[in-house]
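Shown next, in structure tokens, is the structure this report addresses.
The values are calculated or read from the model by the stated rules, or taken from the named source; none is laboratory data. Everything numeric in this text was worked out from a predicted model, so none of it was measured. Note that we place each Cβ from the backbone using ideal geometry, even for glycine, and neighbour counts take in every protein chain shown.
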Amino acid sequence: MTKPLILLATIAFCFCVNESRAEDLMAGVGKVDITREGADAGTNPLWVKAVAISRGKTHAIIVSVDAVAIAEIGSIKDPYLKNVRSAVQKSLGISPESIVVNASHCHGVVALDVEKRTIDAITMAWKNRVPVRAGTGSGDENRVGENRRLILKDGSQADVRHAYSLPGNDEVAAVGPIDSEIGILRLDRVENGEPLAVIYNFACHPIQGIPSGGNTADLTGFASNVIERNLGDGTAMALFLQGCGGDINPVIYKPTNQPRDGEPLGNYLGLSVLEAVRKIKTNADETLSVANETLVLPRSDLEKRIAEMEVEVDKLVDSLKGTTLNFDAFLPLYVKYHLSGDYPSYASHRYLQDEMLKRDDWQKLDENNKAALAAYVKNIRTMEWLTRKQINLALLERHHARNKEAGKTVDAEVVGLRVGDFYLVTFPAELTVQIGLNIKKKSPHKSTFVAGYTNGYLYYAPTSEQLKNRGGAQEDSDCLLAPEWQEMFEKRVSELLKKL
């Protein structure tokens, strides 16, 4: 990172904290169904949910949208965020910097007028504000997700995707970490003590879907359903904030012996949230503060890595060799030689008679067949690696072309929010889980949580270490950012948390 770029990043920060302690803490909720007409989601519809929190002249609007992203990919398009903020500022007088919009990252299809429905949900929340008490806590859920990065024995890394096959079990040495913590903000009505809203932050990837393959809010939608049906008098709203789920998959993401179904995973998450929420004590005298900054980050230069990967692809193609077997011959042989290790080609007595007569006819047959099988399997493994590299190379090429056109830097909006002891920082990309773990560990506050996928979408944001693996996993390849982004972001977040 050059000194001018670091200076540019520092200058580009516009730091402003609005804080209020004098008046009552107020909050209201609103939610609107945003399921696309003609794409019914059954018992798990897509929602836009909003919580409006205010104290004196300080306001925070927290919005969760059941969509894959805020523009760029999926069915929400630019300038959705700009238009929503502008309309809310005009009608309610709320500063755009006080509005946080998080995508759950479920891959559902939203209504065409999602922008209007988002404004309606925010307006509803604002108009329904009542005095509240706030409390912070955390839960734990380790049954829902797994790190999709596979650390291979040769030192490289791959990932678990439907876009390509898994590496062989004999190639895998370890897996990456998960973050099982659920960050929770509980808001109770002062009037009757009943819960008004539960905001919960968790790192996951809601891409399990449902058995029919239809439209759905996925596992986080199911989780919110469980919470809302079982909390207080049943009128509370559960709002999910996606965490650092960039490299987190649902467990058993590629099943072949059971249907893909996010509901059981959502039930696990929802019940764990409920268990934690019931232990949280709320207080009336809670600080509210919001900070909004623009961080200027360096874009990646992928030209060298693309050239290297093109050579790697060529080598893989050249390594494919002719084999005596075709697939029809390979499959029965492969099964046969894995069913019987000692006598795969015939009954034992033929082998034993050969041994008695000091012949090796059957043994030679097996040796030849095993060699043919090994050659065929080697080609299969090579083609699997070739597929992974070609798909990830295409991602690199796409982002390289985009970065060349856009320039050397990209703006990233970072928001810091404090409600009492609840501290939240956001980033507009698919942060990998280690980023969130790092921020939590360094934070001076016990209850610090991180939400990616917020106020925009900059694709994946892996660690600088993970970016050494460009082309090996989607997170490293589907990325606009240069490795220096991580240090810049974590440093500024650390400073931001101290000021909230």
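Of note:
- Residue that is surrounded by the fewest Cβ atoms within 10 Å (Cβ to Cβ), among those in the range 435-466 that are assigned to a helix (DSSP H, G or I) and in contact (Cβ under 8 Å) with a residue 60 or more places away in the chain: LEU437
- GLU228 being of a type in the set (D, E, K, R) and either on the phi > 0 side of the Ramachandran plot or not assigned by TED's automatic domain parsing to the domain that holds THR136 (or both): no
- Residues that are in a helix (DSSP H, G or I) and either among the small types (Gly, Ala, Ser) or touching a residue at least 60 places away in the same chain (Cβ under 8 Å) (or both) within the range 92-101 comprise GLU97, SER98, listed in sequence order.
- The set of residues from the range 291-319 being out of contact with any Gly (no Cβ under 9 Å at 6 or more places or on another chain), aliphatic (A, V, I, L, M) and in a helix (DSSP H, G or I) comprises ALA307, VAL311, VAL313, LEU316, VAL317.
- In the range 202-243, of all residues being over 25 Å from LYS254 (Cβ atoms) and polar (S, T, N, Q), the one that is nearest to the chain's Cα centre (by Cα) corresponds to SER224.
- Test: ARG388 is among the basic types (Lys, Arg) and surrounded by fewer than 19 Cβ atoms within 10 Å (Cβ to Cβ): no
The rows are residues; the columns are (1) in contact with a Pro (Cβ under 9 Å, 6 or more places away or on another chain); (2) modelled with pLDDT of 95 or more.
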| residue | (1), (2) |
| --- | --- |
| LEU241 | no, yes |
| GLY246 | yes, yes |
| LEU265 | yes, yes |
| ALA284 | yes, no |
| THR287 | no, no |
| SER300 | yes, yes |
| MET309 | no, yes |
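- Residue match in the range 399-414 (condition: closer than 26 Å to ARG55 by Cβ and assigned to a strand (DSSP E or B)): yes
- Residues in the range 70-91 that are in contact with a strand residue (DSSP E or B) (Cβ under 9 Å, 6 or more places away or on another chain), free of Cβ contacts under 8 Å to residues at least 60 places away in the same chain and either surrounded by fewer than 21 Cβ atoms within 10 Å (Cβ to Cβ) or not assigned by TED's automatic domain parsing to the domain that holds CYS479 (or both): GLY74, SER75, TYR80, GLN89.
- Residue ID - farthest from ARG229 (Cα to Cα), chosen from residues in the range 252-290 that are in a helix (DSSP H, G or I) and in contact with a Cys (Cβ under 9 Å, 6 or more places away or on another chain): LEU265
- Residue that is farther than 22 Å from THR432 by Cβ and crowded, with 24+ Cβ neighbours inside 10 Å, where the choices are GLY246, GLY221: GLY221
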